[in-house]
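The values are calculated or read from the model by the stated rules, or taken from the named source; none is laboratory data. Worth saying up front: this structure is predicted, and the values here are computed from it rather than measured. Here the Cβ positions follow ideal geometry from the backbone for every residue, glycine too, while neighbour counts run over all protein chains shown. Calculation scope for accessible area: heavy atoms of the full protein, side chains included, ligands and nucleic acids excluded. Shrake-Rupley method; radii C 1.70, N 1.55, O 1.52, S 1.80 Å.
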Amino acid sequence: KNLKFVPFHKLGDQPNLIVDGRGNEHTRMTLSHWPDNDTPAQYKDDLSAQIVFRYLEDDKPIEDVEVVSNNHFDEDGLVSVFAMVDPKRAFEMKDFLIEVARAGDFSMCLDRDAARVSFVISAWTDPDRSPLNRTVFGDTTETLNQALYEELLKRLPNIVNKIQNLHEFWEPEDRVLTATEQAILEGKVKIEEDKDIDLAVVTLPDKGILSEDIVLDKPTSWVSSVLHPIAVHNKIDSYRVLVIMKNRYELYYRYETWIDYVSKILKERVDLNNLVRRLNATEKSGGSW
């Protein structure tokens, strides 16, 4: 049965089904890949969207549950909620929607149009680019999440079907992705992997690879300001990534290492706090690690 979306902060005491995030005391089932989730074992998968499709394929709806929600907004969450509120249309583009979720959560995607859909969804969360009224960005996170879900749940099929007409929303990030892919192809970005320690070392030229007109306007990290992670993740098997450019080094764990990832056993994250303290104790430049 189709469920109705209700914003997380407005659930009250309604029996509910939660996707992607964590539930509340009235949650009857959680379908999520977050750590320490209580998703039924038969539905577990890498992405929450995949988990939701498994649940829907099982066709065993929970009695007395009429609403679905999520405690945060992102691509995987949007696809998951959409599948619950409109399963018929969701199944018509199941594989594509899973790739949209993969691009959003894992920064990995071999379907360029799916990546572009994720870029459009991301653009909706940027107050300077979003079609949403700018005033909503000055409100609470809960109100913003509500607006994003309510607007994008009804627009998602149209975004998927007319992605080529929405280039103003996806083109800036798409150009960064293309530039990174080209730099890797030309050998300007060098990638070396040590499979034994699950580490990919990505080395950029000292001057970088992105020109002033090909750069993310609001990168979420230093790494995403100098390259596009999708281009790198599509090329590597490692889940620990060290990016080097001139005298800047940044090590990050891919998102897959945080969630309940089930398709393969990943090495646990290493606590680097002691290393950071040692580096800061020996650092002479005045900077901090």
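Restricting to region 55-87, count the residues that are open to solvent by 50 Å² or more (accessible area, probe 1.4 Å) and touching a Lys or Arg at 6+ places or on another chain (Cβ under 8 Å).
In the first step, residues of region 55-87 are kept if they are open to solvent by 50 Å² or more (accessible area, probe 1.4 Å); the result is 57-61, 63-64, 66, 71.
Add one more test, that the residue is touching a Lys or Arg at 6+ places or on another chain (Cβ under 8 Å), and what stays is 61, 64, 66, 71.
Total meeting the criteria: 4.
Considering LYS4, LYS10, which residue is touching a residue at least 24 places away in the same chain (Cβ under 8 Å), charged (D, E, K, R) and over 14 Å from LEU78 (Cα atoms)? Reasoning before the result, please.
Working: LYS4 fails: over 14 Å from LEU78 (Cα atoms).
That would be LYS10, the only listed residue that is touching a residue at least 24 places away in the same chain (Cβ under 8 Å), charged (D, E, K, R) and over 14 Å from LEU78 (Cα atoms).
If you check every pair at least six apart or on different chains, which have Cβ atoms under 7 Å apart with a residue in region 203-226 that is over 21 Å from THR125 (Cβ atoms) first and a residue that is open to solvent by less than 40 Å² (accessible area, probe 1.4 Å) and polar (S, T, N, Q) second?
Filtered contacts from region 203-226: ILE209/THR180.
Taking into account only those residues within region 15-28 that are surrounded by fewer than 17 Cβ atoms within 10 Å (Cβ to Cβ) and in a loop (DSSP other than H, G, I, E, B), which is nearest to the chain's Cα centre (by Cα)?
Among them, the one singled out is ASN24.
Could you please give the count of residues in region 250-267 that are without any contact (Cβ under 8 Å) to a residue 40 or more places away in the chain and open to solvent by less than 40 Å² (accessible area, probe 1.4 Å)?
Final tally of qualifying residues: 1.
Filter region 276-289 for residues that are open to solvent by 80 Å² or more (accessible area, probe 1.4 Å) and under 31 Å from the mean Cα position of the chain (by Cα) and give the result.
Passing the criteria: ARG277, SER288, TRP289.
Looking at region 147-170, which of its residues are open to solvent by less than 30 Å² (accessible area, probe 1.4 Å) and not hydrophobic (A, V, I, L, M, F, W, C)?
Answer for region 147-170, where residues must be open to solvent by less than 30 Å² (accessible area, probe 1.4 Å) and not hydrophobic (A, V, I, L, M, F, W, C): TYR149, PRO157.
Restricted to region 29-42, and to residues that are outside any loop (DSSP other than H, G, I, E, B) and touching a strand residue (DSSP E or B) at 6+ places or on another chain (Cβ under 6 Å), which residue is most open to solvent (accessible area, probe 1.4 Å)?
Checking each candidate, the answer is MET29.
Taking region 174-219, which residues are more than 30 Å from ILE265 (Cβ to Cβ), under 24 Å from the mean Cα position of the chain (by Cα) and among the acidic types (Asp, Glu)?
ASP174, ASP217
Do we have TYR239 as hydroxyl-bearing (Ser, Thr, Tyr) and open to solvent by less than 40 Å² (accessible area, probe 1.4 Å) here?
Yes: the conditions hold for TYR239.
Taking LYS207, is it of a type in the set (Lys, Arg), open to solvent by 70 Å² or more (accessible area, probe 1.4 Å) and within 15 Å of ALA114 (Cα to Cα)?
No.
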